[in-house]
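Visitor: My structure is below; once you've seen it, I'll send some questions.
The values are calculated or read from the model by the stated rules, or taken from the named source; none is laboratory data. Please read all numbers here as calculations on a predicted model, not as lab measurements. Cβ coordinates were reconstructed from backbone atoms using ideal geometry, including for glycine residues, and neighbour counts include every protein chain displayed.
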Amino acid sequence: MTSIPSGSPNSSDSAFNPAELSPGGSAWQELLPPMTAHEASVEANRCLYCYDAPCLHACPTHIDIPTFIRKIGTGNLRGSARTILEANFLGGTCARVCPVQELCEGACVLGADHKPIQIGRLQRYAVDHVQERGLQMFVPGMPTGKKVAVVGSGPAGISAAAELAKQGHAVTLLEKRELAGGLSTYGIISLREPIEVAQREVEAVQALGVDVQTGHELTGAAELDILLNEHDAVFLALGLGAVPAMGIPGEEHVLDGLEFIERAKLNPASLQPGQKAVVIGAGNTAIDAATMARRAGADVNMVYRRTEREMTAYRHEYEFALHEGIHFTFLTQPIEVLSKGGKVTGVKCVNMALGAPDASGRARPEPVKGSEFVIECDTVIKAIGQEKPALAQVLGLELEGGYIKVNEDLQTSLPRVWAGGDGVRVRGSASTVMAVQDGKIAAASIGAALEKEVSHG
Amino acid sequence: MADLSINFAGIRAPNPFWLASAPPTNSGLQINRAFEHGWGGAVWKTIGAPVLNISNRYGGLSIGGQRLLAINNVELISDRPLEVNLREIAEVKRMWPDRAVIVSAMVDADPQAWRDIVMMIEDTGADGIELNYGCPQGMSERGMGAAVGQVPEMCELNTHWVTSVTKLPVIVKLTPNITHIIEPAHAGIAGGAHALSLINTINSIMKVDLDSFQITPNIGGRGTHGGYAGPAVKPIALNMLTELMTDPGVLRSGVPICGMGGIVTWRDAAEFMLLGATAVQVCTAAMHYGYRIVEDMIDGLSNWMDDKGFATIYDFAGKSLPQVSTFGQLDLSYQAVARINPDKCIQCNLCYVACNDTAHQCIDLYSPDGIRVDPGFDPRMNGRQVADSRPTPVVREPDCVGCALCANVCPVDNCIEMVSVPSGRESVTWDQLTAARPAVTQSWAAMEAYREEAGIEIH
């Protein structure tokens, strides 16, 4: 087990063991170690193999969990991985990043009296078994002669591309960044998912014949028209934008939480969070950013304008952060970032009080007059959500609450254009596994539409 | 505090837990240690004819990660020099006068050979002799072990050769690798045996390695059948014990029976005793966990006896035998149905699939608002809250035949109970019915007529 360095938030003794801190050191490695063969066997055999199991229902991609676990128990690891990946092409990522407590494991019948089965870790065990060996579980379908473009290579894009390739369509997967994989590659801290895992999934989709083109950004409507001319259908898996501006003085000194996580993942040595960091926000991304700052040696204080009850981070993430020694300051709103000579010296904040519920149903925080105070710090990171997909409007797509409007089959307002992933997540919370399911739904819908075209043509 | 002491065919022991003749009783050093842990007796690993052992000797049965649910061995009788064994037996008996020290023996089927070994055993001061008629491999090919146990005439003759020359109690250990356990039992008794013990190990091939295609245990690329023992054989042993304890010939002889086969805990031992055993022998469990297991065996049995008000082993030995019956004496009108306790049910629905696929299709699923539903799910729903709307299995009692499969697959203790319900029919056994109406055994039409008359509906 990776040791989790302890440290109280306000003590000066927050330095970790340097060996752990060096890039690749244990402070950066996956929190949960891989299961040993014996552990996996014991855990798999603990599974009751429920009929019509609640874990399967609870999984947004409806992986046949009892079946894949039974296959681990019988030593059929390839079959187990196939069962997983058939339902969820990004089973390796989901095994690591899914909030299993809220999904499969939260629904496990053993949860009430015992410990639920460690479904996530078992899934990781089976998928890693094949992906570490470069084994491919699927082959491309018989060529249909149809071409589909998928824009964005995050979980929704890879999932859709894989399913479309299995149907036999020629798929081009466009990615604006240098590496494919989207948030799996850039936005999930290495403590949860090492970059190799995301890259193996990219390799798997390439092995299905998908043409992955990185460094290719979709910038406007004209380009979408070109794509539509060259392809029979387009799936937009654009994700969301940057962390929005807070509109406070000194904001230019604030680090973007997602960028911070990206640096922590790709180049941990460059991470210099200073001695005292303030993280603004209390969602799961904020906790990830805070975790990395903490692991890099900083005292971390998370500042949130509401209370513990309203924070959007999962309960288990919050508890994890507390365990990491991260400090929380609730009912506090930053109003100015203070600096001296270009260096941050603190965050000026105001205390908040909860008022009547707002549109989100949560109590609206209101500033308490005259309660301004300063939190001294040398680093400020904001993780207060992501901007809605700006590109959607440029492309001429109808929107709903700022997100791309889609129907049940994830069709957009434009003919032959489907969309999925975080960019369509007007309701419910955005997550990798929901994005994967979107990819499946869109691929099924696209496949059905293209087949219709064939039979009518 | 219960008195666990026994007098088994004249062999006295402070408790009924003996180590069986096997690797745990291979040497004086070991048996000394076992006695220090509290074992009431030990049957010394079989001495007799000269042998050579091989390696590997064991194969284990694991199911679902549980080790040694059974073990198979191809080990032979003691390969230590005879005089070393005899010297150590004498030393152990001298050091532990209150414990039962029994010597298992196996020699060629020859009266002189038996006479020689018996004299040597008597000289050690041991309390009794057990005749090993069970060894299923290695010795049987040489006309010993199971080769004697499987031929009643040989069994009687060999036993006679021993009992006619010794004053020590003689226990005949029976092999289960036969069709009718009664025949060798009768033969042993006819040969003068003072007691019987059973079961020895069962012929078995443990497993086949799916990579090398070798059978286990693999002895330099070859394998052979061995003797199967451990928890998995207990029901077979209980049945053979019951056959003996309900046989008029055995009962008339009055010989006590020492039970063995899969005894791991005091609970297992108590079951053997309820079916008539007055001493038990243990091997596999000790090989799995060491001699220390006897502490709970003594403690647990004693506490259970106190709870039940049994002062001695003899107060409950055989207490379950009156329940033993033939199929023809069972009440055909007895009706039980399964009832699922919804407060205990964790909704794994294993009972549902077991009943639906392999029993009588009489469990339905009901949603929390009381509507009968089919299995399945809405693919657009997800999240842990799906568990809140999960259906609960409910038995459709009029259709339940009371097979008890569901109660056996249910992972929750006491969640599914088999409840006796009035069938509305008069008690009748198969023997009574067929005596009164012999035609029902021959003709489906006659059977249908009887069913209609009795109100028996089968669907």
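Visitor: Consider A:LEU228 carefully, then state whether it is modelled with pLDDT under 95 and assigned to a helix (DSSP H, G or I). It would help to see each step written out before you state the result.
Guide: Working: modelled with pLDDT under 95: no; assigned to a helix (DSSP H, G or I): yes.
So A:LEU228 fails the test.
Visitor: Condition first: part of a helix (DSSP H, G or I) and within 14 Å of another protein chain (Cβ to nearest Cβ). Now tell me which residues in segment A:110-152 satisfy that. Can you show your working first?
Guide: Pass one, segment A:110-152, residues part of a helix (DSSP H, G or I): A:110-111, A:119-131.
Result: A:LEU110, A:GLY111, A:ILE119, A:GLY120, A:LEU122.
Visitor: Across segment A:398-407, which residue is surrounded by the fewest Cβ atoms within 10 Å (Cβ to Cβ) among those that are in contact (Cβ under 8 Å) with a residue 24 or more places away in the chain and at negative phi?
Guide: A:GLU400
Visitor: On to the next question. Quick one: in segment A:153-179, which of the residues that are of a type in the set (Val, Ile, Thr) and either free of Cβ contacts under 8 Å to residues at least 60 places away in the same chain or under 15 Å from A:ALA449 (Cα atoms) (or both) is surrounded by the most Cβ atoms within 10 Å (Cβ to Cβ)?
Guide: A:VAL171
Visitor: Inspect segment B:171-180 for any residue being in a helix (DSSP H, G or I) and among the hydrophobic types (A, V, I, L, M, F, W, C) and give the result as yes or no.
Guide: Of all residues in segment B:171-180, those in a helix (DSSP H, G or I) come to none.
No, because not a single residue in segment B:171-180 is in a helix (DSSP H, G or I) and among the hydrophobic types (A, V, I, L, M, F, W, C).
Visitor: Which members of segment B:387-398 meet the condition of being crowded, with 16+ Cβ neighbours inside 10 Å and either within 14 Å of another protein chain (Cβ to nearest Cβ) or free of Cβ contacts under 8 Å to residues at least 12 places away in the same chain (or both)? I'd like the intermediate steps shown before the answer.
Guide: Restricting attention to segment B:387-398, the residues satisfying the condition of being crowded, with 16+ Cβ neighbours inside 10 Å are B:387, B:390-395.
Scanning segment B:387-398 gives B:ALA387, B:ARG390, B:PRO391, B:THR392, B:PRO393.
Visitor: Taking the condition under 23 Å from A:LEU183 (Cβ atoms), at pLDDT 80 or above and either among the aromatic types (Phe, Trp, Tyr) or in a loop (DSSP other than H, G, I, E, B) (or both), does A:PRO60 pass?
Guide: Details: under 23 Å from A:LEU183 (Cβ atoms): yes; at pLDDT 80 or above: yes; either among the aromatic types (Phe, Trp, Tyr) or in a loop (DSSP other than H, G, I, E, B) (or both): yes.
Judged against the criteria, A:PRO60 is a match.
Visitor: Find all pairs meeting these conditions: Cβ atoms under 9 angstrom apart; at least six residues apart or on different chains; first residue within segment A:47-73 and within 11 Å of chain B (Cβ to nearest Cβ) and within 21 Å of B:VAL412 (Cα to Cα); second residue part of a loop (DSSP other than H, G, I, E, B) and of a type in the set (S, T, N, Q).
Guide: Taking only residues 6 or more apart or on different chains, the pairs are A:CYS50/B:GLN347; A:CYS50/B:ASN349; A:TYR51/B:ASN349; A:ASP52/B:ASN349; A:ALA53/B:ASN349; A:PRO54/B:GLN347; A:ARG70/A:ASN76.
Visitor: Only one of B:ALA232, B:ALA237 is hydrophobic (A, V, I, L, M, F, W, C), surrounded by 24 or more Cβ atoms within 10 Å (Cβ to Cβ) and in a helix (DSSP H, G or I); which?
Guide: On the way: B:ALA232 fails: surrounded by 24 or more Cβ atoms within 10 Å (Cβ to Cβ).
One residue alone meets the criteria, B:ALA237.
Visitor: Within segment A:365-397, can you find the residues that are small (Gly, Ala, Ser), over 30 Å from A:ALA448 (Cβ atoms) and exposed (fewer than 15 other Cβ atoms within 10 Å of the Cβ)?
Guide: Pass one, segment A:365-397, residues small (Gly, Ala, Ser): A:370-371, A:383, A:385, A:390, A:392, A:396.
Next, only the ones that are over 30 Å from A:ALA448 (Cβ atoms) stay: A:370-371, A:383, A:385, A:390.
Passing the criteria: A:GLY370, A:SER371, A:ALA390.
Visitor: Tell me which residues, restricted to segment B:76-135, are closer than 19 Å to B:GLY149 by Cβ and part of a helix (DSSP H, G or I).
Guide: Taking segment B:76-135 and keeping what is closer than 19 Å to B:GLY149 by Cβ, we get B:76-78, B:102-111, B:113-114, B:117-118, B:128-135.
B:PRO111, B:ALA113, B:TRP114, B:ILE117, B:VAL118 - these are the residues of segment B:76-135 that are closer than 19 Å to B:GLY149 by Cβ and part of a helix (DSSP H, G or I).
Every residue, every condition in (1) away from every other protein chain (no Cβ under 13 Å); (2) of a type outside the set (A, V, I, L, M, F, W, C); (3) in contact with a Lys or Arg (Cβ under 7 Å, 6 or more places away or on another chain); (4) surrounded by fewer than 18 Cβ atoms within 10 Å (Cβ to Cβ), yes or no:
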{"site": "B:ALA354", "(1), (2), (3), (4)": "no, no, no, no"}
{"site": "B:THR358", "(1), (2), (3), (4)": "no, yes, no, yes"}
{"site": "B:GLN361", "(1), (2), (3), (4)": "yes, yes, no, yes"}
{"site": "B:TYR366", "(1), (2), (3), (4)": "yes, yes, yes, yes"}
{"site": "B:ASP378", "(1), (2), (3), (4)": "no, yes, no, yes"}
{"site": "B:ASN382", "(1), (2), (3), (4)": "no, yes, no, no"}
{"site": "B:GLN385", "(1), (2), (3), (4)": "no, yes, no, yes"}
{"site": "B:CYS400", "(1), (2), (3), (4)": "yes, no, no, no"}
{"site": "B:CYS410", "(1), (2), (3), (4)": "no, no, no, no"}
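Visitor: Give the residues of segment B:99-125 that are surrounded by 22 or more Cβ atoms within 10 Å (Cβ to Cβ) and either of a type in the set (S, T, N, Q) or within 28 Å of the chain's Cα centre (by Cα) (or both), sorted by residue number.
Guide: B:ARG99, B:ALA100, B:VAL101, B:ILE102, B:VAL103, B:SER104, B:ALA105, B:MET106, B:VAL107, listed by residue number.
Visitor: Find all pairs meeting these conditions: Cβ atoms under 7 angstrom apart; at least six residues apart or on different chains; first residue within segment B:160-185 and at negative phi; second residue part of a helix (DSSP H, G or I) and of a type in the set (Asp, Glu).
Guide: Partner pairs satisfying both residue conditions: B:THR166/B:GLU122; B:LEU168/B:GLU122; B:ILE181/B:GLU243; B:ILE182/B:GLU243.
Visitor: Does A:ASP438 qualify as being touching a strand residue (DSSP E or B) at 6+ places or on another chain (Cβ under 8 Å) and of a type in the set (D, E, K, R)? I'd like the intermediate steps shown before the answer.
Guide: On the way: touching a strand residue (DSSP E or B) at 6+ places or on another chain (Cβ under 8 Å): no; of a type in the set (D, E, K, R): yes.
So A:ASP438 does not fit the description; no.
Visitor: Do any residues in segment A:219-238 that are on the phi < 0 side of the Ramachandran plot have Cβ atoms under 8 Å from those of residues that are assigned to a helix (DSSP H, G or I) and of a type in the set (D, E, K, R), where the two are at least six apart or on different chains, and which pairs are they?
Guide: Matching pairs, first to second residue: A:ASP232/A:GLU453; A:ALA237/A:ASP438.
Visitor: Can you pull out the residues in segment A:180-204 that are under 18 Å from A:PRO33 (Cβ atoms) and free of Cβ contacts under 8 Å to residues at least 60 places away in the same chain?
Guide: Matches in segment A:180-204: A:GLU196 only.
Visitor: Quick check on B:ALA269: is it surrounded by fewer than 23 Cβ atoms within 10 Å (Cβ to Cβ) and either within 17 Å of the chain's Cα centre (by Cα) or aromatic (Phe, Trp, Tyr) (or both)?
Guide: On the way: surrounded by fewer than 23 Cβ atoms within 10 Å (Cβ to Cβ): no; either within 17 Å of the chain's Cα centre (by Cα) or aromatic (Phe, Trp, Tyr) (or both): yes.
Taking the combined requirement at face value, the residue does not satisfy it.
Visitor: For A:LEU164, only one of the following conditions fails: (1) part of a helix (DSSP H, G or I); (2) under 30 Å from A:PHE260 (Cα atoms); (3) not assigned by TED's automatic domain parsing to the domain that holds A:LEU48. What is its number?
Guide: It is condition (2) that A:LEU164 fails.
Visitor: Select, from B:LEU61, B:LEU52, the only residue that is of a type in the set (A, V, I, L, M, F, W, C), out of contact with any Cys (no Cβ under 8 Å at 6 or more places or on another chain) and closer than 19 Å to B:GLY261 by Cβ.
Guide: It is B:LEU61.
Visitor: Let me ask something else about it. With the requirement that a residue be within 22 Å of B:ALA407 (Cα to Cα) and charged (D, E, K, R), what does segment B:347-382 give you?
Guide: Matches in segment B:347-382: B:ASP357, B:ASP364, B:ARG372, B:ASP374.
Visitor: Further, regarding this structure: What number of residues within segment B:324-374 satisfy the criterion of being acidic (Asp, Glu) and without any contact (Cβ under 8 Å) to a residue 24 or more places away in the chain?
Guide: Filtering segment B:324-374 down to residues acidic (Asp, Glu) leaves B:331, B:343, B:357, B:364, B:369, B:374.
So of that shortlist, the ones also without any contact (Cβ under 8 Å) to a residue 24 or more places away in the chain come out as B:343, B:357, B:369, B:374.
Matching residues across segment B:324-374 total 4.
Visitor: Here's a follow-up. Consider B:VAL440 carefully, then state whether it is part of a helix (DSSP H, G or I), free of Cβ contacts under 8 Å to residues at least 24 places away in the same chain, away from chain A (no Cβ under 14 Å) and crowded, with 18+ Cβ neighbours inside 10 Å. Reasoning before the result, please.
Guide: On the way: part of a helix (DSSP H, G or I): yes; free of Cβ contacts under 8 Å to residues at least 24 places away in the same chain: yes; away from chain A (no Cβ under 14 Å): yes; crowded, with 18+ Cβ neighbours inside 10 Å: yes.
In short, yes.
Visitor: Within segment A:74-109, can you find the residues that are away from every other protein chain (no Cβ under 11 Å), of a type in the set (S, T, N, Q) and assigned to a loop (DSSP other than H, G, I, E, B)?
Guide: A:ASN76, A:ASN88, listed by residue number.
Visitor: Next up: Consider A:MET292 against the criteria (1) free of Cβ contacts under 8 Å to residues at least 24 places away in the same chain; (2) touching a helix residue (DSSP H, G or I) at 6+ places or on another chain (Cβ under 6 Å): it satisfies all of them except one. Which criterion is unmet?
Guide: Every listed condition holds for A:MET292 apart from (1).
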